[in-house]
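Everything on this sheet refers to the single structure shown next.
The values are calculated or read from the model by the stated rules, or taken from the named source; none is laboratory data. Bear in mind the structure is a predicted one, so any value in this text is a computation, not a measurement. Please note: Cβ atoms are built from the backbone with ideal geometry, for glycine as well, and neighbour counts cover all protein chains shown.
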Amino acid sequence: MYKEFVRPTLDLLDRTNIVPTETAHIWASNLLHLAEASPLTLKVLERLCAYKGARFSDERLKITVGGVPLENFLMLGAGSDKQGITALAWHALGVASPEFGAVLFADQEGNPKKRQFVLASEPGVILNRLGFNAKGVHAVIRNIKRYAKSGIPIGFNLGINKEITSDEAPILYGVVARALKPYAAYFTINVSSPNTPGLRNLQGKDTLTKIAQRVNAVMDETGGRIPTFVKISEMPLGAVDDVIQVVVDEKLAGLVCINTTTDPDIKAKYGEHWRNEAGGLSGADPDYRKIVNTIIAHVYRSTEGQVPVIGVGGINGSSAALETIKAGAQGLQFVSGSREVGLTLPGRITRGVAEYLDKERIGHVNDLVGIEANNYR
């Protein structure tokens, strides 16, 4: 029903600018939040919206990635819920862990609207230049306190406001980490969004080291460290190696690979007028997917699987999930895929991977990690 009726309606409303995609996404998040009103409403959500009407669980899908134990390998990626209001709802639909954010120190409007564009409904390809439009950390804390006893491992994507300089960045990442740490199972340091001026420059080895050291120092001052990942963008493999070195030297948990692509040739596939449009492209574009898997495979090969990777980018079903796991990812995140497939996506992915394990007589999803990493060179 979603692909036949709901998504075409959303596409029409977006094209006519009656309900832009960004607005529809906000409404959907608010509806998911309303479903958290009681155990009964959560069960109704599960029955109506989870794939095959029930949350799926399988012991063979349990993993620990970078020190974070998860019921399955599938996570909600940052950018989907910046307020921290849908943990229970996504859990009911089959997600093991939501990553909220990016979370900033102060409120920020983001870039001028319209700033999110559906380039193709299938495969779901979206161009966004939101620009860290988010409430500040204290507003997020007010929302997420309600999940303290849920047992759901919640991650936070750490960002910075656009006026922050590279010299100030380590301090502000540390401030946000300090505020969120009591509620966090893990952090992700976001230095890779293309829509905040200068942010990707923070991926340089020296600056990233300072950020990692500051976040680590804050955690040491507040009772001990929790797993902390770094989310990177598309970059030359030599630059990936520099980030890997920071992860190893500063004893971080691993990498999240990768953020959206700014490749003009990929954008132009959906119309030449998109070539030089600002923003990052996400979704199941095959060329973007190749970049994602190539970087993941490089990390896996160069570290012999010792630096854990969470893969994100075009995870719109079990086939894409298996492809990225085989490239070298232990965990996976989705964002744009829910716009393409709907709320059944988590169950479609986890059930599909479990069925693949059955078919191939494979004992655990971990047995698939990196088995095709050599295919990406």
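Structure above, values below:
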item	result
Criterion (modelled with pLDDT under 95 and more than 30 Å from Arg15 (Cα to Cα)) met by exactly one of Ile144, Ile164, Ile211, Ile154	Ile164
Near pairs, Cβ below 6 angstrom, 6+ apart or cross-chain, from the range 196-213 (touching a residue at least 60 places away in the same chain (Cβ under 8 Å) and within 23 Å of Ala278 (Cβ to Cβ)) to any residue that is basic (Lys, Arg) and crowded, with 17+ Cβ neighbours inside 10 Å	Thr196/Lys162
Residues satisfying the stated conditions in the range 26-48, i.e. over 21 Å from the mean Cα position of the chain (by Cα) and in contact (Cβ under 8 Å) with a residue 12 or more places away in the chain	Ala35, Glu36, Leu42, Lys43, Leu45, Glu46
Some residue of the range 78-99 being within 18 Å of Tyr183 (Cα to Cα), in a strand (DSSP E or B) and among the hydrophobic types (A, V, I, L, M, F, W, C)	no
Filter pass, Thr222 being under 24 Å from Arg142 (Cβ atoms), touching a residue at least 24 places away in the same chain (Cβ under 8 Å), in contact with a strand residue (DSSP E or B) (Cβ under 7 Å, 6 or more places away or on another chain) and not hydrophobic (A, V, I, L, M, F, W, C)	no
Those residues of the range 92-108 which are buried (at least 24 other Cβ atoms within 10 Å of the Cβ) and either over 10 Å from Ala35 (Cβ atoms) or under 16 Å from the mean Cα position of the chain (by Cα) (or both), in sequence order	Gly94, Val95, Ala96, Ser97, Pro98, Glu99, Phe100, Gly101, Ala102, Val103, Leu104
Hey, Leu10 surrounded by fewer than 18 Cβ atoms within 10 Å (Cβ to Cβ) and either aliphatic (A, V, I, L, M) or touching a residue at least 12 places away in the same chain (Cβ under 8 Å) (or both) or not	no
Breaking point among (1) crowded, with 20+ Cβ neighbours inside 10 Å; (2) over 22 Å from Leu130 (Cα atoms), for Arg225	(1)
Which listed residue, of Glu372, Glu340, is acidic (Asp, Glu) and in contact with a Gly (Cβ under 7 Å, 6 or more places away or on another chain)	Glu340
Residue match in the range 63-72 (condition: surrounded by fewer than 24 Cβ atoms within 10 Å (Cβ to Cβ), assigned to a helix (DSSP H, G or I) and at pLDDT 95 or above)	no
Criterion violated by Ser38 - all others in (1) touching a helix residue (DSSP H, G or I) at 6+ places or on another chain (Cβ under 9 Å); (2) under 18 Å from Gly151 (Cα atoms); (3) small (Gly, Ala, Ser) satisfied	(1)
Of all residues in the range 121-138 being modelled with pLDDT under 90 and closer than 16 Å to Ile315 by Cα, the one that is surrounded by the fewest Cβ atoms within 10 Å (Cβ to Cβ)	Glu122
Matching entry among Asp263, Asp285 (being within 24 Å of Pro98 (Cα to Cα) and modelled with pLDDT of 95 or more)	Asp285
Selection count where residues are touching a Pro at 6+ places or on another chain (Cβ under 7 Å) and either among the charged types (D, E, K, R) or assigned to a strand (DSSP E or B) (or both), scope the range 252-276	2
